4 protein chains.
Amino acid sequence: MTEIGIGICGGGYMGKAHAVAMSAVGAVFNTALRPRLEMVCASRSESAERYRAAFGFARATADWRALVADPKVEAIVIATPQDTHRDIAEAAFALGKPVLCEKPLGASIADGAAMVSAAEAAGVANMVGFNYVRTPATQFARKLIADGAIGKVTWFRGEHTEDFYADPEASASWRTQGMANGTMGDLAPHMVNAALALSGPIAKVMGEVETVHAERPGGRVTNDDHAQIMCRFQNGAMGHMYFSRIATGRKMGYAYEITGTKGAIRFDQEDQNALWLYRMDGPEETRGFVKILTGPAHPDYEPFCQGPGHGTGYQDQIIIEARDFLRAIETGEAVWPTFRDGHEVNRVIAAALASSEAKSWKDINSF
Amino acid sequence: MTEIGIGICGGGYMGKAHAVAMSAVGAVFNTALRPRLEMVCASRSESAERYRAAFGFARATADWRALVADPKVEAIVIATPQDTHRDIAEAAFALGKPVLCEKPLGASIADGAAMVSAAEAAGVANMVGFNYVRTPATQFARKLIADGAIGKVTWFRGEHTEDFYADPEASASWRTQGMANGTMGDLAPHMVNAALALSGPIAKVMGEVETVHAERPGGRVTNDDHAQIMCRFQNGAMGHMYFSRIATGRKMGYAYEITGTKGAIRFDQEDQNALWLYRMDGPEETRGFVKILTGPAHPDYEPFCQGPGHGTGYQDQIIIEARDFLRAIETGEAVWPTFRDGHEVNRVIAAALASSEAKSWKDINSF
Amino acid sequence: MTEIGIGICGGGYMGKAHAVAMSAVGAVFNTALRPRLEMVCASRSESAERYRAAFGFARATADWRALVADPKVEAIVIATPQDTHRDIAEAAFALGKPVLCEKPLGASIADGAAMVSAAEAAGVANMVGFNYVRTPATQFARKLIADGAIGKVTWFRGEHTEDFYADPEASASWRTQGMANGTMGDLAPHMVNAALALSGPIAKVMGEVETVHAERPGGRVTNDDHAQIMCRFQNGAMGHMYFSRIATGRKMGYAYEITGTKGAIRFDQEDQNALWLYRMDGPEETRGFVKILTGPAHPDYEPFCQGPGHGTGYQDQIIIEARDFLRAIETGEAVWPTFRDGHEVNRVIAAALASSEAKSWKDINSF
Amino acid sequence: MTEIGIGICGGGYMGKAHAVAMSAVGAVFNTALRPRLEMVCASRSESAERYRAAFGFARATADWRALVADPKVEAIVIATPQDTHRDIAEAAFALGKPVLCEKPLGASIADGAAMVSAAEAAGVANMVGFNYVRTPATQFARKLIADGAIGKVTWFRGEHTEDFYADPEASASWRTQGMANGTMGDLAPHMVNAALALSGPIAKVMGEVETVHAERPGGRVTNDDHAQIMCRFQNGAMGHMYFSRIATGRKMGYAYEITGTKGAIRFDQEDQNALWLYRMDGPEETRGFVKILTGPAHPDYEPFCQGPGHGTGYQDQIIIEARDFLRAIETGEAVWPTFRDGHEVNRVIAAALASSEAKSWKDINSF
């Protein structure tokens, strides 16, 4: 066992989630690399100190450059606003330090492309924090599809729907300003990443993006409330995705249905321990969707408990992510989703936005 | 109570369903008009006679003109192939006889328009057999939306998915030939009708239609396996529909999710006695989707049983349809969906097909 | 095809259900025997005439003896109060006429035993109307267990729960008077019959019967609100059943879970088209409960529709029952549940009542 | 913030779960007391050292007395076999150190009683590790019932069912030897504790305990495979519980259904983020079970994530438990379930075993 000093930029919701994960991952997975919470960075010294104390870091700073440069910080987690991602990542890679960056990758296609180049030039571990894709259920779905359990995919339907802005009377805030905080910037990346993981690259898209409640108490809304994408995958499958922050009643509607020539898969994060699988085999009379409860037989599940059905939760996804990041650092092998995978997500989203604007299909390769 | 002589053109699956419904509807609903199974028509005399005996009609014929003209036939059900609908309906209307016509309305937009004119000129009862829309659950959904229970609709997602052609090795047949028998001709009309009933007229569409398995044992496939439509309703709601006969694992995937500014509704015909309703009221801690089991409190349910939860099935939809047709004849009031409503469905589908061809959005008003 | 004249004693809820079923069954199943609604009997002439007109019978009477004796009445359905069952059945059997008797069989163990003797002496078709057991789902469950799909049964849990008397302020009525109308008389027979059909004879029971709301507006309650039974089946399985009319929220809680050494089955009538099956075979990673939607592959389903998932409802159960009764008349072969099976149900219930009284286990053979 | 040195006796499954929880709880809940993993104890030095390294403890020992007596160990978690619980707890209490003891409390009623006395004499925090009761869903159910949301409880049905010994060919092991490892010793305590938490004290029981597979490869089975209890609560409610390790298909069947005079609650740990609530209010047409997804509005949920539906998992229960134990230490206020509550569980189980033996009802007060 070797200790590794972790520096986390950002102490908000995701910064905390990563701090908890780094505290727990060693005991949970008995990892070879053992995280030590070395330093946390926030925009102001007082909040940095507060995060330090609350999460158990050794030191705090308000200067991300100090954190990145600190010799005891050996790996970096970026959980700051989107427009800071590129600078931090490039600085870290310049020093040969591995980076786990929260999604989306950068503030623009250009930023993302630069981050991919920097990561690949450095040749160190680089991952994007699409944590939902890490559940045992979704990892098992990925394996099933790769193994041909449902045959050739013909149809993919995904959604990431929540209702935190469903109420038209909810006030405007930073969340209603700026593309990065709208549906396409905040929710779409998760499901687009899942689509790429499950069904492979997307070839073209036809998008429709909309602000439903343009005026809210407190001001004008400048980003989108919901959006849909029709798409075609490189493997030929037809697809559709929907993203919404006004999906009344949906709390964590990260859900997909995948149809293949030999079977089908269904998943909804609101019941994240179940994966539904249909296979066109055996006698017709006993066919149906099987409700599989994830357990020790499934990817990434084993260490959590003795028996199936005990259940993984949200925080467990981040702990698995921490484990995978440590593993990538240790072995030098890339773990999905790398910066390149995150960049692919950004290209799909850029194409969808352009398509909505132009009211016509867009080829991903133009982005 | 007054008897009314019923003539049914067609003795196949839907012809039988209507015959059973007409046998049962009087006792079930204690209707004022009492159907008498007067005459059944089929393409050949032998099959007509077989249907007569099996379903309990008084007489049989292989000549639909004879059936329509027969003085004891007072109302007509059309359950023959699509290209015969117009002629039969026009002949019936010319004699002032009410018509219940199986969907889709006619073989073309032009046929449908002519049928609407004939029906409205005759001024008698005219209905299209979109039977799925008649379940107590869907009728209650319609009432809830009309009453404002979920506020203004912002999103409609519907599908009609089955898997009877999911197996790529299933042989070509009449079902794989001709637009009327493809997904857009056979399945889409049901869900488009539901969309119109639940969220109102559609303004424009962007469609994508595809034959996935172009070659099957026995020959080439000339119609579509699945299709999707992005749409915009006149009320401003964004929408999406998907239709498929290759949706492995789906047996009766007539399903919709409707989001409004104050709530949401979900329904799946595979559990046709449940309607899921979310309302953004009361304390957050007790909010959630309510699984409402249809019962005596809901539209069209009462006569079936003493208590809620007993359950309606497929045949019950057709019996309710028969009741509504009889009621329209008796009262002279139009009952959804009239020929005009059915024609509106055809226009949406025509626009979607044109949109898929042109790869661009199409306005419904051009069709 | 041969016509058969049907006489129905009783025109209330079940009388109507049987009348509708007899109207529809010929067309639905293309039966060899074709029911003709010959005569209906009610306690008063006016109501008998009203039922005649509403349900479509040829004649009406207020004298059940006249109905039974009428030469054009060839088969009899008993849907009158429990204490009249024996007399009517015995009169019918004396004339060699088949009888379908609503549950429970008679007003007492002695009555039931006498009815079994009369039926078996007459050697004609005799069935008890436990209609819920006729769904394709439950018939398939029965077949699966008989075929060994779940191995040896080790545990059976059943319930029949509704909430029509859940409100303590609901008024007393005929339903709150007399053992026959309490939970053990009205609801328990259905589930006990299912238990016998699915897991075989019961050897001993330990019951607990209770009136929770002894005083209601309008008077004192003299029968039970809910009850439970622990039991042991002859096959060695342990069991439990619960019956309640105060099960707040339950509309048709006719539900069972059956565990075997190789699998398990779950069913709930509130979603009557689904049967859940778990089998301990294949790799652990793809095991889970399969949600099987009943369809053409399942017993008694075929005639209702073309494809699976279309759904059967409550009335369909009664139509299937009518079909089975006609088949028993035609072939002379007994169809579950015969009078003897219904008598077995009564014995279990009598033992449970005695056990509750004595607070000790009771052997079924003493009853 | 004050550090507190934690000593854990036992490094197996539950020892690990508690170690992870103590690592994470500070950052998750920003607790005032901050656990420091001071010492772990196992039966052999090598395993103790292995646990120390894997879980991140400062020191290891094979002598639990050394752990208890160590001045830097300020609070103790007992996760060793049942027959060691009493000695360790008494030693800790003698030194005034708080104890969190894994369930069940002791190896016998007498041991449990002694542990209660020792805990209460010491006057320090004492809790039993019935972790399942800590989910936000079950804590919310408890609150709803206490607040009268479902009125007076009339019926409680609980089960704790798993299938780890469902296969008759699974080999005998330590799990098939000794009462403590059978269904009544291992699974029943969890659900009996839930029953007490949700519906209050139990007055009497009628139990039935059984070894279904008495012979397994590797030897004779000396404890029970499944068991059921009929019970009566002090509040008058009727109840039933079932426990099984041979419940084929059930992975974490910790489930309950509670009926009251005004509503009902349903829960199943296999979908641990959902609580189903029915309330008899509002118009009948919109009543039904509400599927409530636990989120920030619910007890103990807030710190885990920003929004509802993200989900808690098994490990989260243990983290909440750690938080509650720390809170009890800090504030001196008892947190359910205390040793006294755990002792009450043992009494119910002892009465059930005696009842099964005697085949008659047993009063809890005799135990």
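Copy-to-copy label distances for A:I109, where each label lies 7 Å from Cα along Cα-to-Cβ, are 3.6, 7.7, 8.4 nm in order of increasing length. Across region B:2-132, Cα-Cα pairs more than 23 Å apart make up 25 percent of the total.
Comparing B:G332, B:G151, B:G218 in a Gaussian network model of chain B, where Cα atoms under 10 Å apart are tied by springs, the biggest mean-square fluctuation is seen for B:G218.
With a simple spin-label model that places each label point 7 Å from the Cα along the Cα-to-Cβ direction, the separation between D:A69 and A:K359 comes to 8.6 nm. Using alpha carbons only, how many angstrom separate the centre of region D:44-59 from the centre of region A:1-65? First find each Cα centre; the distance between them is then 24 Å. The mean number of partner chain beta-carbon atoms within 10 angstrom of a residue's beta-carbon across peptide A:146-159 is 3.
Put a plus charge on the Cβ of each Lys and Arg, a minus charge on the Cβ of each Asp and Glu, and nothing anywhere else: the dipole of the protein assembly as shown about its Cα centre is then about 0 debye.
If you run the Gaussian network model on chain A, springs between alpha carbon atoms under 10 Å, then out of A:L105, A:L144, A:L67 the most flexible one is A:L144. Between copies, the label points at B:N30 (set 7 angstrom from Cα along Cα-to-Cβ) are spaced 3.6, 6.7, 7.4 nm, reported in nanometres from shortest to longest.
Heavy-atom surface analysis with a 1.4 Å probe gives chain B a carbon and sulfur content of 50 percent of its accessible area. The distance separating the Cα centre of region D:335-361 from that of region C:315-363 comes to 38 Å.
Quick check on the protein assembly as shown: of the DSSP beta bridges with both residues there, what percent are antiparallel, nearest 5%? Counting only bridges with both partners in the protein assembly as shown, antiparallel ones make up about 60 percent.
Each residue of region C:118-134 is assigned a 3J(HN,Hα), and the resulting list reads 4, 5, 6, 5, 6, x, 10, 4, 9, 9, 10, x, 7, 5, 4, 5, 8 Hz, derived from the Karplus form 6.51 cos²θ - 1.76 cosθ + 1.60 (θ = phi - 60°), x at Gly and Pro.
Selection among C:A328, C:N273, C:F289 by position relative to the dipole of chain C gives C:A328 as farthest towards the positive end (Cβ unit charges, Cα centre). Inter-chain neighbour count for C:52-59: the average number of beta-carbon atoms from partner chains within 10 Å of each residue's beta-carbon is 3.
Shown is the FRET efficiency for C:R44 and C:A94, computed with R0 = 35 Å from the Cβ-Cβ distance and rounded to the nearest 0.05: 0.85.
Relative to the Cα centre, what is the charge dipole magnitude of region D:2-132, using +1 at the beta carbon of each Lys and Arg, -1 at the beta carbon of each Asp and Glu, and rounding to the nearest 20 debye?
Charge dipole of region D:2-132: 360 debye, to the nearest 20.
Under 8 Å for C-alpha pairs, at least 6 residues apart: give me the relative contact order for chain A, rounded to a whole percent. Value for chain A: 19 percent.
Here the label points at A:S117 and B:N235, each 7 Å from Cα along the C-beta direction, are separated by 5.1 nm in the simple model. When C and B come together, around 3100 square angstrom of accessible surface is lost from both chains combined, probe 1.4 Å.
If the chain linking B:A62 and B:T286 were pulled fully straight, counting 0.36 nm for each residue of separation and taking away their Cα-Cα distance, it would gain 74.5 nm. Under 1.5 on a/c is rounded, so check that first for chain C, then, if it is not, pick prolate when a/b is larger than b/c and oblate when it is not; a ≥ b ≥ c are the square roots of the alpha carbon gyration tensor eigenvalues. Verdict is oblate for chain C.
Shielding of peptide B:270-279 by partners, expressed as the average count of other chain Cβ atoms within 10 Å per residue Cβ, is 6. Taking a point 7 Å from the Cα of D:E3 along the Cα-to-Cβ direction, the residues of region A:40-67 with backbone N closer than 18 Å to it are A:52-60.
At 1.4 Å probe size, with every protein chain present, just tell me what the per residue accessible area of the protein assembly as shown comes to in Å².
Here the residues of the protein assembly as shown average 31 Å² of exposed surface.
Taking trypsin sites (Lys or Arg not before Pro) across region A:98-172, the ones in a DSSP loop with at most 15 further Cβ atoms lying within 10 angstrom of their Cβ are A:K152. Distant-in-sequence amide contacts of D:E74, defined by a placed amide H-H separation under 5 Å and a gap of 5 or more residues or a different chain, comprise D:G5, D:I6, D:G7. For A:A94, inter-copy separations between label points set 7 Å beyond Cα along the Cβ vector come to 6.4, 8.8, 10.9 nm, shortest first.
When DSSP beta bridges are restricted to pairs lying wholly in chain D, around 60% turn out antiparallel.
For the pair region B:189-217 / region C:135-177, the C-alpha centres are spaced 41 Å from each other. Among residues of chain C, the one whose beta-carbon sits closest to the C-to-A rotation axis is listed with its distance in Å as C:V290, 2. Hey, what D do you get for the protein assembly as shown in µm²/s if you plug the Kirkwood alpha-carbon radius into Stokes-Einstein at 37 °C and 0.692 mPa s? The estimated diffusion coefficient comes to 96 µm²/s. Here the Gaussian network model covers chain C, with springs between Cα atoms less than 10 Å apart; of C:Y165, C:Y132, C:Y254, C:Y165 fluctuates the most.
The values are calculated or read from the model by the stated rules, or taken from the named source; none is laboratory data. Small disclaimer: the values here were computed from a predicted structure and weren't measured. Cβ coordinates were reconstructed from backbone atoms using ideal geometry, including for glycine residues, and neighbour counts include every protein chain displayed. When the accessible area is computed, the model is the full protein with side chains, heavy atoms only, and any ligands, DNA or RNA have been set aside. Shrake-Rupley method; radii C 1.70, N 1.55, O 1.52, S 1.80 Å.
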